[in-house]
Amino acid sequence: MANIKTMTVTVDFYKQFEELSNKLDELIKENKNINTTHKNEMKKLKQDLKKEFKQEKEELKTTISNLEKSIKEKDEMIEKLLNEIDRLKNQINKDSRNSSKPPSTDTRKKEKSGANLYNSRKKTDKKIGGQKGHKGYSLTKDKVEKMIKDKLVETRTIYHESNNRNGKDITKYRIGLEVNVYVEKHIFKHNSKAEDKIPKEFYTDVTYDNSIKALTIELGTYNVVALDRLSDLFNVLSKGIIDISNGTLVNFLKEFSLKSKPTLDNLENDLLNKALMNTDETTNDNKWYIRNYSNSETVIYKPHKNKGHKQIEEHDILTRYTGGIIHDHDTAMYKYGSNNYECNVHLGRYLEEIIQTVSEVTWAKDLKELIFKAYHDRKVLIKKGSKSFSNIKTNEISAKYDEIISLAKKESKNIKSTYYKEKALKLIRRCDKYKDNHLAFIYDFSVPFDNNPSERDLRIIKIKTKISGGFKNINSAEAYCDAISIIKTSLKRKINPFESIKAIFNNEVLFAN
């Protein structure tokens, strides 16, 4: 029994052991499966994290790239805005002293008036008005008595009672002006043998003589009186007798333009046969470009719708000219004439702009001082009868000019503003390329220093534009230019323009010599 019990216990033990062993195997297997699953999950998690990290890394790279691009764009925009600010500041600060703008466009600054603010004359302690020793233009008693003696004026004598200190009669003169209307009665008597017929100017029953026509041209063009006011003026001065329509006044200008062609041909010949010619252009209310061709005695104005070579070739003046042309750096001019001379006053204004706006450079001030010092020295020598500087002096000025241009090229690298850097470089290139054209005045004193005569010639066009605007068509522009050419040429030659206009209406051809 004891053995049986022992065996039973042993069997139970082995059975339990086997069960435990199987259970252990199951646990080991289960643990192995768990480890495998865990490893797979860890591997997958690692892969997912790696993939997610890579994706986030790419997204961050894209974000950084976009931000860098945005920063670059904003930097470029800031630079553009800064350049635009510089440009606008430059535009606001431009005036007749540092640009090609006329003095009339200068604004009032502080206590000084615009047009006088940049006057080239130096301030002195002298009183305003005529200075002692200068020629006066007041009428004197001697002049009036000479006019009476030469029977240039009608004389009326009026007596007064006066207790004079010297006990003698004293004569005083008072000058007046009267407008008298007269009517000429022209009778064309019939004569079958006469060859002449009634002139074209008498085709209508009532017409106006050349004095009224000439006054219309003088007042309507040079004095810029509008047609309505001109018609009213004739009506007022004639006490209501003369009542001219605007259409008739316009026809006067057309007639004058037609009759002035032979005289204008003479003016062209004068221009073509002189050694120097000034030229410039201005716009008339942005519709027409009006160019002047002039010398000290003659000026012709020509309108055109375009700028450049087409304009010049159709005007056909510079195309036939073989002398020296003075202009304001109009590069189209370099195709014409034997020589080209640059206006140094305009150059001085552009240099002044650099001086005022670009603090990083000194070359502009140096060049302006060099050129204007040479001009001053030239005036001194001209008074002494000299016709040019010595070779030593011209070589000295030329070498100094080259030295300043070399300095300018180096200093331009220091300019921070892109806008002003471009302006400075453009001016440097111009001064370098056209050196001989700017310095021509030092080699030959007959060469003008500037093109100021053209500015003065075009002033009347600018005044006309401001007061009455532009022309409706090319025909009215040409008629106006023809009239102004005759008037301004007469003034240059100290001839009464009113008499010149009347002579042309009388079919005379002027300025033949």
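Taking the residues in segment 456-487 that are outside any helix (DSSP H, G or I) and in contact with a strand residue (DSSP E or B) (Cβ under 9 Å, 6 or more places away or on another chain) as candidates, determine which candidate is surrounded by the fewest Cβ atoms within 10 Å (Cβ to Cβ).
Once the filter is applied, the top-ranked residue is 469.
Give the residues of segment 327-343 that are under 15 Å from residue 451 (Cα atoms) and out of contact with any His (no Cβ under 6 Å at 6 or more places or on another chain), sorted by residue number. So that I can check it myself, show each step before the final result.
Within segment 327-343, the first condition is being under 15 Å from residue 451 (Cα atoms), and the residues that meet it are 327-331, 333, 339-343.
Within segment 327-343, 327, 329, 330, 331, 339, 340, 341, 343 meet the criteria.
So for segment 75-84 (the condition being modelled with pLDDT of 85 or more and under 60 Å from the mean Cα position of the chain (by Cα)), does at least one residue qualify?
At the first step, the residues of segment 75-84 found to be modelled with pLDDT of 85 or more are none.
Among the residues of segment 75-84, not one is modelled with pLDDT of 85 or more and under 60 Å from the mean Cα position of the chain (by Cα), which makes the answer no.
Considering every residue within segment 212-231, establish whether at least one is under 28 Å from residue 330 (Cα atoms) and in contact with a Gly (Cβ under 6 Å, 6 or more places away or on another chain).
no
When residues of segment 356-377 are filtered for being over 23 Å from the mean Cα position of the chain (by Cα), part of a helix (DSSP H, G or I) and either without any contact (Cβ under 8 Å) to a residue 60 or more places away in the chain or crowded, with 18+ Cβ neighbours inside 10 Å (or both), how many remain? Can you show your working first?
Residues of segment 356-377 that are over 23 Å from the mean Cα position of the chain (by Cα), as a first pass: 359-363, 366, 369-370, 373-377.
From what's left, part of a helix (DSSP H, G or I): 363, 366, 369-370, 373-377.
Now restrict to residues that are either without any contact (Cβ under 8 Å) to a residue 60 or more places away in the chain or crowded, with 18+ Cβ neighbours inside 10 Å (or both): 363, 366, 369-370, 373-374, 376-377.
Matching residues across segment 356-377 total 8.
Between a first residue in segment 484-513 that is in contact (Cβ under 8 Å) with a residue 12 or more places away in the chain and within 19 Å of residue 254 (Cβ to Cβ) and a second residue that is part of a loop (DSSP other than H, G, I, E, B) and of a type in the set (Phe, Trp, Tyr), which pairs have beta carbons less than 9 Å apart while being 6 or more apart in sequence or on different chains?
486/511; 500/511
In segment 248-307, which residue that is among the hydroxyl-bearing types (Ser, Thr, Tyr) and touching a Pro at 6+ places or on another chain (Cβ under 8 Å) is modelled with the lowest pLDDT? So that I can check it myself, show each step before the final result.
Step one: list which residues in segment 248-307 are among the hydroxyl-bearing types (Ser, Thr, Tyr), which gives 248, 257, 260, 263, 279, 282-283, 289, 293-294, 296, 298, 301.
Narrowing the set further to residues that are touching a Pro at 6+ places or on another chain (Cβ under 8 Å) leaves 289, 294, 296.
Working: 289: 92, 294: 98, 296: 97.
Filtering segment 248-307 for residues that are among the hydroxyl-bearing types (Ser, Thr, Tyr) and touching a Pro at 6+ places or on another chain (Cβ under 8 Å), the one modelled with the lowest pLDDT comes out as 289.
Hey, residue 491 hits all of (1) modelled with pLDDT of 95 or more; (2) over 12 Å from residue 222 (Cα atoms); (3) of a type in the set (A, V, I, L, M, F, W, C) but one; which does it fall short on?
Every condition holds for residue 491 apart from (2).
Going through segment 400-444 one residue at a time, which ones are over 29 Å from residue 88 (Cβ atoms) and among the polar types (S, T, N, Q)?
406, 437
Among the residues of segment 319-348, how many are in contact (Cβ under 8 Å) with a residue 40 or more places away in the chain, within 13 Å of residue 308 (Cα to Cα) and within 16 Å of the chain's Cα centre (by Cα)?
2
Is segment 123-139 home to any residue that is at pLDDT 70 or above, more than 30 Å from residue 376 (Cα to Cα) and not small (Gly, Ala, Ser)?
Yes, segment 123-139 contains a residue that is at pLDDT 70 or above, more than 30 Å from residue 376 (Cα to Cα) and not small (Gly, Ala, Ser).
Please tell me if residue 312 is at pLDDT below 95 and within 19 Å of residue 276 (Cβ to Cβ).
Working: at pLDDT below 95: yes; within 19 Å of residue 276 (Cβ to Cβ): yes.
Against the criterion (at pLDDT below 95 and within 19 Å of residue 276 (Cβ to Cβ)), residue 312 qualifies.
When the residues of segment 185-217 are filtered to those that are within 41 Å of the chain's Cα centre (by Cα) and not hydrophobic (A, V, I, L, M, F, W, C), which remaining residue is surrounded by the most Cβ atoms within 10 Å (Cβ to Cβ)?
Among those residues, the one meeting the criterion is 216.
Among the residues of segment 433-441, is there at least one that is basic (Lys, Arg) and crowded, with 17+ Cβ neighbours inside 10 Å?
The answer is no, given that none of the residues of segment 433-441 is basic (Lys, Arg) and crowded, with 17+ Cβ neighbours inside 10 Å.
Mind listing just one residue for me: the one in segment 392-408 that is surrounded by 15 or more Cβ atoms within 10 Å (Cβ to Cβ) and under 15 Å from residue 434 (Cβ atoms) and, of those, farthest from the chain's Cα centre (by Cα)?
Going through the qualifying residues, I end up with 398.
For residues that are assigned to a helix (DSSP H, G or I), out of contact with any strand residue (DSSP E or B) (no Cβ under 7 Å at 6 or more places or on another chain), more than 22 Å from residue 356 (Cβ to Cβ) and among the hydroxyl-bearing types (Ser, Thr, Tyr), tally how many sit in segment 420-455.
1
Find the helices (runs of 4 or more DSSP H) located wholly in segment 144-259 whose residues include 3 or more that are over 27 Å from residue 492 (Cβ atoms), and list them.
It comes to 227-237, 246-259.
Quick check on this structure: which one of 204, 171 is in contact with a helix residue (DSSP H, G or I) (Cβ under 9 Å, 6 or more places away or on another chain) and not charged (D, E, K, R)?
Unique residue meeting the criteria: 171.
The values are calculated or read from the model by the stated rules, or taken from the named source; none is laboratory data. As the structure is a prediction and not an experimental result, all values here were calculated from the model. Quick reminder, even Gly has a Cβ in these numbers, built from the backbone with ideal geometry, and neighbours come from all protein chains shown.
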